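The values are calculated or read from the model by the stated rules, or taken from the named source; none is laboratory data. This structure is a prediction, so every number in the text was calculated from the model and none was measured. Because the Cβ atoms are built from the backbone with ideal geometry, glycine has one as well, and the counts that use them run over all protein chains shown.
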Amino acid sequence: MTRTSANPLYLQLYDHFREAIAHGRLSPGDRVPSVRSLASELGLARGTVELAFQVLVSEGYFMTRGAAGTIVAPGLGALTEPAHPVPALPTSHTRPAQGLDETGAAPFQLGLPALDAFPRKTWARLCGRHQRTLQTAGMTYPDPAGHEALRRAIATYLGISRGISCSHEQVFVTTGYRGALDLVRHTLLRAGDVGWYEDPGYLLARIFLERAGLKLQPVPVDDEGLNVNEGKKLAPKARFAVVTPTHQSPMGMALSLPRRLELLDWASSRKAWIIEDDYDSEFRYHGRPLPALKSLDHDERVLYTGTFSKVLIPGLRLAYLVVPASLVGTFRDEVTHLPGPGSIVPQAMIADFMTAGHFALHLRKMRALYATRRRYVVDALTEILGDRLFVQPQAGGIHILAHLKARRNDKHLASTACANGLAIRALSDWRLRKASSGGLLMGFANFASAADASAAVQRLDAVWRAA
Ligand SMILES: Cc1ncc(COP(=O)(O)O)c(C=O)c1O
């Protein structure tokens with residue numbers, strides 16, 4: 001059995017037993033070793049051996065006899081091909097492509113909040129309470145617009161923290177940010193519609209929108225964020241614009257006030273929609289978070305989105321969309337025909353978490369923690385790799401952008417780092433148009449000490465030197 005084979009280990013084990021039966025090395029009625037002893041003998045995970053056994057049992061080669069163990073099925077004649085051979089998936093189909101994989105928690109994992117600082121105890125208490133007191137509302141079909149208590153809590157939070165005045169009816173809970181984009185495109189857009197997209201801009205949403213048939217016009221960003229004038233020149237008749245005004249993703253600057261007004265003005269005059277992606281505005285290390293673009297939206301052109309992925313955990317897969325009051329009915333009609341955000345239990349738990357004050361406390365703690373952890377990584381990068389990169393100053397967020405000093409292929413560097421277990425992404429992948437300079441995108445929230453950060457940056461240094 002070899003780990004380098006294209007066949008997964010469980011399939012190799014499955015083949016091994018079938019062959020042994022076919023060649024008479026194992027006869028009907030023979031006892032086979034237990035999963036545990038086989039796993040330890042072959043140095044395999046128990047799950048791998050169990051999987052092979054399950055397939056062999058389901059295909060009639062093995063038979064389980066409870067405490068008496070597993071035997072080769074009695075009466076098994078000459079080996080016949082299984083009715084449904086187990087297909088071996090090509091390895092290229094088992095994981096998303098490099099740069100698109102958001103799963104896991106490898107060092108530098110982008111977009112991941114501090115998992116060790118998640119308030120587990122409070123969460124477990126809320127979870128226990130909700131499971132014990134499951135109400136009828138939690139057992140019937142949920143409202144596809146989201147759990148009302150959570151929508152109310154979000155509306156209150158946005159009023160206080162983001163300067164957005166809205167009623168809970170305008171809030172739609174969605175399955176992540178892409179769930180919010182999906183709802184917008186079903187309700188207001190058509191395939192073929194052109195939209196401005198920040199260049200560079202969030203890779204996964206860009207792919208999502210393109211796959212939905214929308215045409216994205218790259219619009220450059222500069223020190224003041226999206227260059228609205230360029231957008232007007234490049235695609236004056238665009239139907240929508242997707243922007244990250246508080247903290248441009250991934251460059252980190254805020255959209256300046258003149259640009260905000262210019263963008264709103266363009267949207268009003270063209271009757272275009274602005275999708276505001278306010279993904280990590282809660283984390284700002286100097287001064288108060290900037291108010292949302294939506295707070296200036298007097299003509300109802302802005303569709304505002306926020307997510308619980310950074311402020312709580314991405315595993316919840318919960319985000320939200322705030323729609324103009326005049327469009328609540330239209331969105332309601334549409335959302336009725338979509339899958340909605342799933343179970344109400346996690347939604348009800350977040351609502352309690354927010355209304356009981358845990359959320360505000362958690363955010364306050366995380367702001368202080370992230371400022372420290374950011375410093376660990378920036379210091380390590382400057383000390384160990386300062387001759388090869390420089391860190392872009394950023395006022396907030398949970399990622400670092402480091403520009404490469406020399407002309408170098410950032411994609412190659414990032415993919416080599418990934419192959420070595422460091423979840424670093426290339427800035428070039430976030431760009432729609434080619435640019436000469438490269439950069440590395442890195443999450444910093446999970447480095448609990450300066451020593452951890454330094455060790456990870458040293459690993460990157462070693463990868464870099466070898467690449
Ligand atoms: C720019 C940007 N927007 C939105 C999101 C949130 O996505 P989701 O709600 O699907 O986790 C992310 C996550 O990393 C992001 O980087």
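It is to be established whether one or more residues within the range 207-217 are touching a residue at least 60 places away in the same chain (Cβ under 8 Å), assigned by TED's automatic domain parsing to the domain that holds H337 and farther than 18 Å from A325 by Cα.
For the range 207-217, residues touching a residue at least 60 places away in the same chain (Cβ under 8 Å), assigned by TED's automatic domain parsing to the domain that holds H337 and farther than 18 Å from A325 by Cα: present.
Against the definition (touching a residue at least 12 places away in the same chain (Cβ under 8 Å), in the same structural domain as K294 (by TED's automatic domain parsing) and away from the ligand (no atom under 16 Å from the Cβ)), how does P245 come out, yes or no?
On the way: touching a residue at least 12 places away in the same chain (Cβ under 8 Å): yes; in the same structural domain as K294 (by TED's automatic domain parsing): yes; away from the ligand (no atom under 16 Å from the Cβ): no.
Judged against the criteria, P245 is not a match.
Every residue in the range 98-115 that is more than 14 Å from the ligand (Cβ to nearest atom) and either touching a strand residue (DSSP E or B) at 6+ places or on another chain (Cβ under 8 Å) or modelled with pLDDT under 70 (or both), please.
Q98
Among residues belonging to the range 408-434 that are more than 21 Å from the chain's Cα centre (by Cα) and free of Cβ contacts under 8 Å to residues at least 40 places away in the same chain, point out the one that is farthest from F108 (Cα to Cα).
Selected residue: K434.
Name the residues in the range 192-208 that are among the small types (G, A, S) and surrounded by fewer than 20 Cβ atoms within 10 Å (Cβ to Cβ), would you?
The initial filter retains those residues of the range 192-208 that are among the small types (G, A, S), namely 192, 195, 201, 205.
Passing the criteria: only G192.
Condition first: within 17 Å of Y177 (Cα to Cα), assigned to a loop (DSSP other than H, G, I, E, B) and of a type in the set (D, E). Now tell me which residues in the range 266-302 satisfy that.
D278, D280, E282
Does the range 214-224 include one or more residues that are within 15 Å of the ligand (Cβ to nearest atom) and farther than 21 Å from S161 by Cβ? Quick ask: steps written out before the conclusion?
Going residue by residue through the range 214-224, those that are within 15 Å of the ligand (Cβ to nearest atom) are 216, 221.
Filter again for farther than 21 Å from S161 by Cβ, leaving 216, 221.
Yes; the residues of the range 214-224 include at least one that is within 15 Å of the ligand (Cβ to nearest atom) and farther than 21 Å from S161 by Cβ.
Please specify each residue of the range 179-202 satisfying the condition of being touching a strand residue (DSSP E or B) at 6+ places or on another chain (Cβ under 8 Å) and part of a helix (DSSP H, G or I). Let's see the steps before the verdict.
Of all residues in the range 179-202, those touching a strand residue (DSSP E or B) at 6+ places or on another chain (Cβ under 8 Å) come to 179-184, 188-189, 192-202.
G179, A180, L181, D182, L183, V184, L188, listed by residue number.
Residues checked against (1) modelled with pLDDT under 95; (2) more than 16 Å from the ligand (Cβ to nearest atom); (3) on the phi > 0 side of the Ramachandran plot:
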| site | (1), (2), (3) |
| --- | --- |
| K232 | no, yes, no |
| A235 | no, yes, no |
| R259 | no, yes, no |
| L263 | no, yes, no |
| S268 | no, yes, no |
| A272 | no, yes, no |
| D278 | no, no, no |
| R284 | yes, no, no |
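Quickly run through the range 300-351 and pick out the residues that are within 10 Å of the ligand (Cβ to nearest atom), buried (at least 16 other Cβ atoms within 10 Å of the Cβ) and on the phi < 0 side of the Ramachandran plot. Step through it out loud before you land on a result.
Quick first cut of the range 300-351, residues within 10 Å of the ligand (Cβ to nearest atom) only: 305-310, 313-320.
Now restrict to residues that are buried (at least 16 other Cβ atoms within 10 Å of the Cβ): 305-310, 313-314, 316-320.
Once the filter is applied, which keeps residues that are within 10 Å of the ligand (Cβ to nearest atom), buried (at least 16 other Cβ atoms within 10 Å of the Cβ) and on the phi < 0 side of the Ramachandran plot, the range 300-351 yields T305, G306, T307, F308, S309, K310, I313, P314, L316, L318, A319, Y320.
Take the residues in the range 50-65 that are touching a residue at least 24 places away in the same chain (Cβ under 8 Å) and touching a Ser or Thr at 6+ places or on another chain (Cβ under 9 Å), then tell me which one is farthest from M1 (Cα to Cα).
F62
Filter the range 135-150 down to the residues that are over 16 Å from E334 (Cβ atoms) and touching a residue at least 60 places away in the same chain (Cβ under 8 Å) and list them by number. Break it down stepwise before answering.
So the first thing to find is which residues in the range 135-150 are over 16 Å from E334 (Cβ atoms), and the list is 135-142, 147-150.
Across the range 135-150, the qualifying residues are A137, G138, P142, H147, A149, L150.
Which of (1) touching a residue at least 60 places away in the same chain (Cβ under 8 Å); (2) more than 16 Å from the ligand (Cβ to nearest atom); (3) of a type in the set (S, T, N, Q) does Q394 not meet, given it meets every other one?
Answer for Q394: the failing condition is (2).
So that you can scan it fast, the table gives a plain yes or no per residue for (1) at pLDDT below 95; (2) out of contact with any Pro (no Cβ under 7 Å at 6 or more places or on another chain); (3) under 20 Å from D222 (Cα atoms); (4) crowded, with 22+ Cβ neighbours inside 10 Å:
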| site | (1), (2), (3), (4) |
| --- | --- |
| Q392 | yes, yes, yes, no |
| A406 | yes, yes, no, no |
| I424 | no, yes, no, yes |
| A435 | yes, yes, yes, no |
| A448 | no, yes, no, no |
| V457 | no, yes, no, yes |
| L460 | no, yes, no, yes |
| W464 | yes, yes, no, no |
| A467 | yes, yes, no, no |
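Do we have any residue at all in the range 216-236 that's assigned to a loop (DSSP other than H, G, I, E, B) and touching a Leu at 6+ places or on another chain (Cβ under 6 Å)?
If we filter the range 216-236 for residues that are assigned to a loop (DSSP other than H, G, I, E, B), which is where we start, we get 223-224, 227, 235-236.
Add one more test, that the residue is touching a Leu at 6+ places or on another chain (Cβ under 6 Å), and what stays is none.
No, there is no match, as no residue in the range 216-236 is assigned to a loop (DSSP other than H, G, I, E, B) and touching a Leu at 6+ places or on another chain (Cβ under 6 Å).
Among L56, L44, L13, which is the only one that is modelled with pLDDT of 85 or more, aliphatic (A, V, I, L, M), assigned to a helix (DSSP H, G or I) and in contact with a Leu (Cβ under 8 Å, 6 or more places away or on another chain)? Working first, answer last.
Values: L56 fails: in contact with a Leu (Cβ under 8 Å, 6 or more places away or on another chain); L44 fails: assigned to a helix (DSSP H, G or I).
Selected residue: L13, the only one of L56, L44, L13 that is modelled with pLDDT of 85 or more, aliphatic (A, V, I, L, M), assigned to a helix (DSSP H, G or I) and in contact with a Leu (Cβ under 8 Å, 6 or more places away or on another chain).
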